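Written out below as structure tokens is the structure these notes cover.
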Amino acid sequence: MHAYYYTYNDFFHENLPRLFAHFKECALSEDLYLLDWLYTVFAKAMPLDVACRVWDVFLRDGEEFLFKTALGELQFKSLVNGSLWLCKLECVCLLP
């Protein structure tokens, strides 16, 4: 699993540097969300029709697509929910 985390962090840092820095500042590690996403191949994190599409492309393209999907999910949440989602993350930062 550590190899997956390392690869994911590289993709995350490369593609979403501001969000990556925010996660690091708040000490939010990838194992808090990525493990569940990868083990279920996003079946619990997305609506069924979207999860089915993720499964189709994952079976066609391989594991790299799972990392791209995870980054897409983070970017989607930060864009759609905007400050509300990031405020929840910032609240976590303020906890001792």
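In summary, the aspartates and glutamates within cross-link reach of Lys77, defined as a Cα separation below 15 angstrom excluding same-chain residues under 8 places away, comprise Glu90.
In this simple spin-label approximation, Ala27 and Asp61 carry label points 7 Å from Cα along the Cα→Cβ vector, and these lie 3.5 nm apart. In summary, the aspartates and glutamates within cross-link reach of Lys68, defined as a Cα separation below 15 angstrom excluding same-chain residues under 8 places away, comprise Asp10, Glu14, Glu30, Asp56. For the stretch 55-72, backbone phi angles converted through the Karplus equation (6.51, -1.76, 1.60; θ = phi - 60°) give residue-by-residue couplings of 4, 4, 6, 4, 5, 7, 9, x, 5, 4, 5, 5, 5, 5, 5, 4, 5, x Hz, Gly and Pro being listed as x.
Coordinate-derived values only; no laboratory data. Being a predicted model, the structure only gives us computed values, none of them experimental. Virtual Cβ from ideal backbone geometry, glycine too; neighbours counted across all protein chains shown.
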